[in-house]
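Quick notes on the structure that follows.
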Amino acid sequence: DLPDPAIRIDHVPNTIDSSMPGGHATLTIDNLRVPADQMLGEAGEGFKYAQSRLSPARLSHCMRWLGACIRAQEIATDYANRREAFGKVLIEHEGVGFMLAENMIELKQCELMIDWCASVLDTGSLGTVESSMAKVAVSEALMRIADRCVQVMGGTGVTDKTVVEQVFREVRAFRIYDGPTEVHKWSLAKKIKRDWKHANAG
């Protein structure tokens with residue numbers, strides 16, 4: 001039960017993102033004892049339980065921010081079809097139209113990557129490798145998508161007149177949540193090496 005004197009919140013920093021309830025606190029846990037009647041699962045199995053939830057958690061982040069970027073694309077598209085510059089609406093300028101087209105392509109790629117990873121998890125697999133691949137691919141693509149939405153909207157894109165600037169901030173932080181891109185790539189590289197060694201043994 002909380003609060004517990006063994007758990008102390010040391011600091012809650014101000015961060016670029018604002019959608020996580022409670023923020024990203026630094027905690028100190030000192031001599032915490034969990035009573036038997038408050039244990040979830042078996043003693044000593046906590047790491048295993050945590051590992052089993054990592055893949056679905058990564059995927060839920062991917063789905064959440066995909067939805068946010070779809071909304072940002074809708075807003076940027078509406079803006080580009082209404083705003084005029086140099087005698088025509090923005091969407092008719094190739095530079096703007098191409099950015100929205102690239103977003104359309106990458107949004108579909110993200111959706112397919114998420115569906116693929118979810119289908120692996122549906123089999124009962126831990127999906128560790130697949131969720132790492134999806135997390136990297138989706139978070140990096142969504143960053144590009146959100147950035148283009150801001151760019152299409154120009155000055156309006158960096159204001160709080162729409163949620164587009166917030167989506168951009170949140171997606172930037174998402175590239176770090178549940179393991180930054182580089183950690184997932186490092187893990188995948190280790191798997192590639194293991195698989196190569198196994199294939200070339202003897």
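Read the figures in this text as sums done on the coordinates, not as results from a lab. Fair warning: this is a prediction, and the values are worked out from it, not measured in the lab. Glycine also receives a Cβ, built like all others from the backbone with ideal geometry; neighbour counts cover every protein chain displayed.
Most fluctuating residue of Ala173, Ala50, Ala146 in a GNM of the chain with Cα springs under 10 Å: which is it? Answer for the Gaussian network model of the chain: Ala50.
When the Cα centres of region 108-128 and region 138-163 are compared, how far apart do they sit, in Å? The two parts, judged by their Cα centres, are 26 Å apart.
Restrict the search to region 47-142; then list the chymotrypsin sites (Phe, Trp or Tyr not before Pro) that DSSP places in a loop and that have at most 10 other Cβ atoms within 10 Å of their Cβ. Display every interim value, and only then the final one.
On the way: sites: Phe47, Tyr49, Trp65, Tyr79, Phe86, Phe98, Trp116; in loops: Phe86.
Taking region 47-142 and a limit of 10 other Cβ atoms within 10 Å, the loop chymotrypsin sites (Phe, Trp or Tyr not before Pro) found are Phe86.
Cβ-Cβ distance of Arg71 and Glu182, R₀ of 22 Å, FRET efficiency by 1/(1 + (r/R0)^6): the value works out to about 0.20.
Taking semi-axes √(5λ) of the Cα gyration tensor in Å as calculated from this structure, the corresponding entry among [x] 26, 19, 17; [y] 38, 25, 13; [z] 31, 16, 15 is [y]. Within straight-line reach of Lys48, meaning a Cα separation under 23 Å, sit the following lysines at least 8 residues removed in sequence or on another chain: Lys135, Lys185, Lys190, Lys191.
Hey, with R₀ at 45 Å, roughly what FRET efficiency would Asp122 and Glu94 work out to, going by the Cβ-Cβ distance, to 0.05?
Numbers: r = 42 Å, r/R0 = 0.93.
After rounding, the FRET efficiency stands at 0.60.
Calculate, in nm to one decimal, what Asp115 and Ala199 gain on full extension: separation in residues at 0.36 nm each, minus their alpha carbon distance.
Details: separation 84, 0.36 × 84 = 30.24 nm, distance 2.91 nm.
Full extension of this stretch gives 27.3 nm more.
Give me the percent relative contact order of region 1-142, please, defined on Cα pairs under 8 angstrom at least 6 residues apart. Let's see the in-between values first.
Working: 104 pairs, mean separation 33.1, N = 142.
Once normalised by length, the contact order is 23 percent.
If only the Cβ of Lys and Arg carry +1 and only the Cβ of Asp and Glu carry -1, the dipole of region 31-150 around its Cα centre is close to 280 debye.
What is the magnitude of the charge dipole of the chain about its Cα centre, with +1 placed on the Cβ of each Lys and Arg, -1 on the Cβ of each Asp and Glu, and no other charges, expressed in debye to the nearest 20?
On the way: 24 positive and 27 negative charges, 120 e Å.
Magnitude of the dipole: close to 580 debye.
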